[in-house]
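Visitor: I have a structure here, written as structure tokens, and I will follow up with some questions on it.
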Amino acid sequence: MAARNLADIRNLGIIAHIDAGKTTLTERMLFYAGSIHRMGDVDKGTTTTDFDPEEQERGITIYAACVTFPWRDCIVNLIDTPGHVDFTAEVERSLRVLDGAVVVFSAREGVEAQSETVWRQADKHKVPRMAFINKMDREGADFYGTFEEIRNRLESNPVALQIPVGVGPPHMPDRFRGMIDLVRMKFMTFSAETQGREETLSDIPEELADQAEEWRNHLLEALYDQSHELMELGLSEAPIPEELLHKVIREATIARKIVPVLCGTALDRVGVPPVLDSVARYLPSPLDVPPVEGVDPKKLDKKLKRGPDPEAPFCGLVFKILAGNHGDLAFVRIYSGTLKANSRVYNPGKDEKENVSQLWHIQADDRKQVPSVEAGDIIGIVGLRHSITGDTLCEVKDPILLETIQFPDTVISMAIEPETSADRKKLEQTLEMLKRQDPTFRAGDSSETGQTLISGMGELHLEVIKHR
């Protein structure tokens, strides 16, 4: 499914801390978009993006998984990233190639330490983002407290597009039962009969009218700074067209002046379609972000740029390697040009020519082979022999070297040894394969003890490596 209209592509990341219910949100998105026909369960290990046995057993995301699905008139290339700090490298390399992100917060836990880490990573890569405050149906949920934490702890400018009606589980007297849409000024509920797929709009309850008007004014005040046209309408007290609001919100989001905030509960299927609508409306396409910058590999002081043009020279970045015994699968973001299967590309960092044997669109653990891909796509390549994470691929006649991906240093080590001397060669081969796949994993012999040491980002990271 090669992209044809760049304006309709959304390269999207779903990022969060570990307890925010991010994978459940991703699963609901795929179901409502029609990519899957049965919703999986995180606790049962049946979700689409957590397909690795280790992820299913632990009930957490360990590896960034890529899926592509249509929504409205858009094609969404979605990467579901881990929330645990030990696997922060998966977030780092995903944000390097994404155009926008949805950051998921738990309404009960609010902004946690890992949320701050992820937010700083997104700031570093200048990724426009929106926030989804999840788990509004939990005891102790606090939308307004989490909203203020996003403002104060993350030093951002959150702008609520929705506010919740009620809070907490069904047995609570004022349970969570929907949201007020501040753009349309309507009360929004979701039907259990349609599994939350369809929203119902009604008038705002009278007892909530003042609160809705107050938050609507907060929304408009935040947007007045972004649009003279909107400010003039506000000063004259004229009706504000809904499409103008969408336009200003989109422009301010892409410029990273505001962070749109939505709420709901993915587990109970309340509020997920509006997240998808907001992704399509407010987050950037490849045409909305600046051209990728690089240098001439023969003249490193000569700056080059490549825009998202299918007719331009090919340029892409390898951001993930899935190592295998019968050949690696390289995940590549295509920034410019068109790439065809059974072609040759150039790796300027290694000064090597590479064969592109096959091209695949990735659907979590499923793949679909395609003959060609274009600018804006995120795809898998089989056939590369020398390229690793962070390497640039380009045309031989028009070389460009993009900035590589920087990863943090390892923080913990452990010694391992094979059960028998006959297994030593197998262990060495396995460690080499794991190093190709995980740039934050190190393995080597200690000069002091002669032991084989493996190093990683934390105890959980090394435990997962050890099991593999």
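Visitor: GluC sites (Glu not before Pro) within the range 324-420: which are DSSP loop residues with at most 14 other Cβ atoms inside 10 Å?
Guide: Details: sites: GLU352, GLU354, GLU374, GLU395, GLU403, GLU419; in loops: GLU395, GLU403, GLU419.
Those satisfying the criteria are GLU403, GLU419.
Visitor: Right, here's the next one. At R0 = 25 Å, how high is the FRET efficiency between HIS467 and THR117 if r is their beta carbon distance? Nearest 0.05 is fine.
Guide: Working: r = 25 Å, r/R0 = 0.99.
Computed FRET efficiency for HIS467 and THR117: 0.50.
Visitor: Okay, moving on. Starting from 0.36 nm per residue, how many nanometres of slack lie between ARG197 and ALA255 once their C-alpha separation is accounted for?
Guide: Full extension from ARG197 to ALA255 adds 17.8 nm.
Visitor: Same structure, new question: Kindly sort SER191, SER115 by accessible area of their heavy atoms, largest first, with the probe set to 1.4 Å.
Guide: So the residues, ranked largest to smallest area, are SER191, SER115.
Visitor: Accessible area of SER343, 1.4 Å probe, to the nearest 10 Å²?
Guide: 30
Visitor: What is the distance, in nm, between label points placed 7 Å from the Cα along the Cα-to-Cβ direction at ALA422 and at GLU206?
Guide: 8.5
Visitor: Considering only protein heavy atoms, what per residue accessible area in square angstrom results for the range 81-153 with a 1.4 angstrom probe?
Guide: Working: 2190 Å² over 73 residues.
Accessible area per residue, the range 81-153: 30 Å².
Visitor: Taking the simple approach of a point 7 Å from Cα along Cα-to-Cβ for both ARG153 and GLU403, what is their distance in nm?
Guide: Roughly 2.8 nm, to one decimal.
Visitor: Sticking with this structure for a sec: Note down the nm distance, to one decimal, between modelled labels 7 Å out along Cα→Cβ at MET185 and at TYR144.
Guide: 2.1
Visitor: Which order do TRP215, TRP119 take when ranked by solvent-accessible area (1.4 Å probe, heavy atoms of all protein chains), largest first? Could the numbers behind the result be given before it?
Guide: Numbers: TRP215 35, TRP119 10 Å².
Output order, biggest surface exposure first: TRP215, TRP119.
Visitor: If HIS218, HIS461 are ordered by their accessible area, calculated over protein heavy atoms with a 1.4 Å probe, which sequence runs from highest to lowest? Could you put the intermediate results ahead of the total?
Guide: Values: HIS218 85, HIS461 5 Å².
Ranking HIS218, HIS461 by accessible area, largest first, yields HIS218, HIS461.
Visitor: With point charges of +1 on the Cβ of Lys and Arg and -1 on the Cβ of Asp and Glu, referenced to the Cα centre of the range 140-230, which listed residue (GLN162, GLN195, PRO173) lies farthest in the positive direction of the dipole?
Guide: GLN195
Visitor: Further question: Pop out the carbon and sulfur fraction of the accessible area of the chain as a percent, whole number, probe 1.4 Å. Walk me through the intermediate numbers first.
Guide: Details: 9830 of 21290 Å².
Ligands and nucleic acids excluded, carbon and sulfur give 46 percent.
Visitor: Suppose all protein chains stay in the model; what accessible area per residue would a 1.4 Å probe give for the range 286-428, in Å²?
Guide: Values: 7710 Å² over 143 residues.
Ligands and nucleic acids excluded, the figure is 54 Å² per residue.
Visitor: Can you tell me the relative contact order of the chain? Whole percent, Cα pairs under 8 Å, sequence separation 6 or more.
Guide: Working: 1043 pairs, mean separation 67.4, N = 468.
After rounding, I find 14 percent.
Visitor: Here is a follow-up. As an exercise, identify the trypsin sites (Lys or Arg not before Pro) in the range 387-467 lying in DSSP coil whose Cβ has no more than 10 other Cβ atoms within 10 Å.
Guide: On the way: sites: LYS397, ARG424, LYS425, LYS426, LYS435, ARG436, ARG442, LYS466; in loops: LYS397.
Filter output for the range 387-467: LYS397.
Visitor: If R0 is 45 Å, what FRET efficiency do you get for GLU352 and ALA7 from their C-beta distance, rounded to 0.05?
Guide: On the way: r = 35 Å, r/R0 = 0.78.
So the FRET efficiency works out to roughly 0.80.
Visitor: I need to check one value: relative contact order of the range 242-393, counting alpha carbon pairs closer than 8 Å and at least 6 residues apart, in percent. Write down the numbers at each step before the final one.
Guide: On the way: 286 pairs, mean separation 29.3, N = 152.
It comes to 19 percent, rounded to a whole number.
Visitor: May I ask you to derive the FRET efficiency for GLU214 and HIS171 from their Cβ-Cβ distance with R0 = 22 Å, giving the value to the nearest 0.05?
Guide: On the way: r = 29 Å, r/R0 = 1.32.
Once rounded, the FRET efficiency stands at 0.15.
Visitor: Which of the residue pairs LYS22/LYS466; LYS340/LYS397; LYS320/LYS426; LYS135/LYS257 have a Cα-Cα distance greater than 18 Å in the structure shown? All intermediate terms of the calculation are to be shown ahead of the outcome.
Guide: On the way: LYS22/LYS466 26 Å; LYS340/LYS397 16 Å; LYS320/LYS426 24 Å; LYS135/LYS257 26 Å.
Where the Cα-Cα span goes over 18 Å, the pairs concerned are LYS22/LYS466; LYS320/LYS426; LYS135/LYS257.
Visitor: Follow-up question, since we're still on this one. If each DSSP helix of 4+ residues adds -39,500 (n - 2.57) and the sum is divided by the residues in the chain, what number results at 222 nm, nearest 500 deg cm²/dmol?
Guide: Values: 11 runs with 120 residues, N = 468.
So the calculated ellipticity at 222 nm is -7500 deg cm²/dmol.
Visitor: Taking loop as defined by DSSP and a crowding limit of 12 other beta carbons within 10 Å, which GluC sites (Glu not before Pro) in the range 101-174 fit? Can you show the working numbers first?
Guide: Details: sites: GLU109, GLU112, GLU116, GLU139, GLU148, GLU149, GLU155; in loops: GLU109, GLU112, GLU139, GLU155.
Qualifying residues, ordered by number: GLU139, GLU155.
Visitor: Report which label in [x] 40, 31, 27; [y] 81, 24, 19; [z] 40, 27, 20 holds the value of semi-axes √(5λ) of the Cα gyration tensor in Å derived from the coordinates of this structure.
Guide: From the options [x] 40, 31, 27; [y] 81, 24, 19; [z] 40, 27, 20, the structure gives [z].
Visitor: For the chain, give me the percentage of DSSP beta bridges that are antiparallel, rounded to the nearest 5 percent. Please list the in-between numbers first.
Guide: Working: 68 of 91 bridges.
About 75 percent, rounded to the nearest 5.
Visitor: Before anything else, pin down the relative contact order of the range 80-176: Cα pairs under 8 Å, at least 6 apart, normalised by residue count, whole percent. Provide the component values of the computation, followed by the final result.
Guide: Details: 127 pairs, mean separation 24.7, N = 97.
Here the relative contact order equals 25 percent.
The values are calculated or read from the model by the stated rules, or taken from the named source; none is laboratory data. Since the model is a prediction, treat every value here as computed from it, not as a measurement. Every residue, glycine as well, gets a Cβ built from its backbone with ideal geometry; the counts of neighbours run over all protein chains shown. Areas reflect the complete protein model, heavy atoms only, side chains present, ligands, DNA and RNA absent. Shrake-Rupley method; radii C 1.70, N 1.55, O 1.52, S 1.80 Å.
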